[in-house]
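So the structure is just underneath, and the comments pick up after that.
The values are calculated or read from the model by the stated rules, or taken from the named source; none is laboratory data. None of these values were measured; they are calculated from a predicted model. Reconstructed Cβ throughout: ideal geometry from the backbone, glycine too, with neighbour counts over all protein chains shown.
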Amino acid sequence: MKSTTQTLIDRRKFLYGLGSSIGAIAFSNLLAAEKTSTALKTPRFQPQPMLAAKAKSCIFLTMEGGPSHLDTFDPKSKLTELHLKKFERSGQQFSAMSQGNRYFVQSPFTSRKVGHSGADISSPFVHLASVADDICWYRGCQADSVDHPTAMYHLNTGNKFGGDPAMGSWVTYGLGAINQNLPSFVVLPEVAYPQGGAGNWSNGFLPSRLQGTPLRSVGSPILDLYPPEYINRAHQRQSLDLLRYFNRQHQQQNPHHDELSARMESYELAFRMQMEVPDIIDLDQEPDDIKQLYGIDQAHSDNFGRKCLLARRLVEKGVRFVQIYSGGWDSHDYLERAHGALIRSIDQPIAGLIKDLKQRGMLDETLIVWSGEFGRSPDNGIRGGGIAYGRDHNAEAMPIWLAGGGVKAGHIIGQTDEIGEKAVEVVHPIKDLHVTLLRLLGLDDNKLTYFHGGRFKQLSQTGGTVIEELIG
């Protein structure tokens, strides 16, 4: 039985279609390469530094959960004197996780002064003390929220309610890509994503191609990076070219679908990544002394050490913004055990990262930032007979430090009050920190804008002030 269905096609289109599958596809590949090289340009400006840049890339070390400034880099001897005495709240932004009476709690750790600056570091930090003079310690920052999801969104995107572009997306939007074969914004999360999930590295209202690319923390960083053995690169190239041809036909009929353009670019990027990523993620290429520097193959520091070493390899190859997560800092109880183990896990890897970048001549052009979403309170409700005490959330004081990338190394900037309840000197909100990070990377927050929702938007939301004291 013959089919009565016929497909009518113009002879000229048919002949052109044959050409598209052979010579025209090769030509479209050349055009695609040219288009990819300008893919990160916007209608408003070509990505480039707006100011004299002190850094060309950033590694942002995110301590999810809110590490305690009082038990890391801002100890308070007054708390030893007040330990277990009743605490009266004074209206600061604390979370009341415990019911009933609240009491001052001292740090379970001793601290010592290190480096020429006399910076305070708690006793579990053994290795970080050796690079203290490469660090700018900032004690004046304040958050806007004491709830984890909103505080994480605020730290990462400038918007407490999410939906806006992440810092790395803004940086890539403003500066463009250095290496066209790699994502410009890479995220190294824990197995469990931080509170707020992938929204913490979203492109928001910026073009989809600017979203962060997460790499897995266990096993292969990227699944299915390689094609099956029976498919070679020539086959892949032909398939992608044919797919691009059909997608462009569809895009011409639906020009407002940004997702399709982003998907096409992601296919091309994935294809190029197959050539470069395998070498970057293969940490076995590193000599043993470098792996030892990062604490790799030691049970307590191996995981974070691998992330830090991978971050160095990524920025070395031209990635603009790398964000590394360490989770579990929400220590409402068993503070000594929880914070102690976490500090041991990050101490040697971070010190190794700073030393490694410095010996390679990369520290001056790489900005390192260490921060959680807020700090901790000087008090807590006492549970477990006073043995299992911890600290609650505190938005009025938080620990932050910066290294490399033009910051004022070997200095302590800002101060908190005598019990660490509130920042009292060089006090700035997180949006001012954002503006300062952009400035160090050569970007002006007031000019780095994107028209959306009827107005020009920016990372700081409504504008901010550069924290000049942090810049060397």
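Observations on the structure shown:
- Within segment 412-431, the residues that satisfy the criterion of being farther than 23 Å from residue 83 by Cβ and in a strand (DSSP E or B) are 412, 413, 425, 428, 429.
- Of the residues making up segment 132-158, those that are out of contact with any helix residue (DSSP H, G or I) (no Cβ under 6 Å at 6 or more places or on another chain), over 24 Å from residue 406 (Cβ atoms) and outside any helix (DSSP H, G or I) number 2.
- Odd one out for residue 339 among (1) under 27 Å from residue 83 (Cα atoms); (2) of a type outside the set (Ser, Thr, Tyr); (3) touching a Gly at 6+ places or on another chain (Cβ under 8 Å): (3)
- Residue check for residue 202: on the phi < 0 side of the Ramachandran plot, at pLDDT 90 or above and not acidic (Asp, Glu): yes
- Among residues of segment 159-203, those that are assigned to a helix (DSSP H, G or I) and in contact (Cβ under 8 Å) with a residue 12 or more places away in the chain, counted: 13
- Flag if residue 210 is among the hydrophobic types (A, V, I, L, M, F, W, C) and at pLDDT 65 or above: yes
- The set of residues from segment 286-304 being in a helix (DSSP H, G or I) and free of Cβ contacts under 8 Å to residues at least 60 places away in the same chain comprises 288, 289, 291, 292, 302, 304.
- For segment 138-177, a residue qualifies if it is of a type in the set (A, V, I, L, M) and within 12 Å of the chain's Cα centre (by Cα), and the qualifying residues are 152, 155, 166, 167, 171.
Yes/no matrix, rows are residues, columns are (1) under 25 Å from residue 73 (Cβ atoms); (2) crowded, with 24+ Cβ neighbours inside 10 Å; (3) not polar (S, T, N, Q):
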| residue | (1), (2), (3) |
| --- | --- |
| 134 | yes, no, yes |
| 140 | yes, no, yes |
| 153 | yes, yes, yes |
| 156 | yes, yes, no |
| 170 | no, yes, yes |
| 174 | no, yes, yes |
| 192 | no, no, yes |
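- Subset of segment 101-112 [within 29 Å of the chain's Cα centre (by Cα) and not in a loop (DSSP other than H, G, I, E, B)]: 111
- The residue that is surrounded by the fewest Cβ atoms within 10 Å (Cβ to Cβ), counting only those in segment 313-336 that are over 28 Å from residue 148 (Cβ atoms) and free of Cβ contacts under 8 Å to residues at least 60 places away in the same chain, is 316.
- Within segment 176-185, the residues that satisfy the criterion of being surrounded by fewer than 24 Cβ atoms within 10 Å (Cβ to Cβ) and either in contact with a Leu (Cβ under 7 Å, 6 or more places away or on another chain) or within 22 Å of residue 309 (Cβ to Cβ) (or both) are 176, 177, 178, 179, 181, 182.
- Every residue from segment 109-155 that is aliphatic (A, V, I, L, M) and under 20 Å from residue 421 (Cβ atoms): 143, 146, 151
- Any hit, segment 269-284, residues being at pLDDT 95 or above and among the acidic types (Asp, Glu): no
- Look at segment 337-360: where a residue is polar (S, T, N, Q) and a partner is in a helix (DSSP H, G or I) and modelled with pLDDT of 95 or more, sitting 6+ places away or on another chain with Cβ atoms under 6 Å, you get 345/304.
- Looking only at residues of segment 417-448 that are more than 26 Å from residue 396 (Cα to Cα) and surrounded by 18 or more Cβ atoms within 10 Å (Cβ to Cβ), we find that the one that is nearest to the chain's Cα centre (by Cα) is 441.
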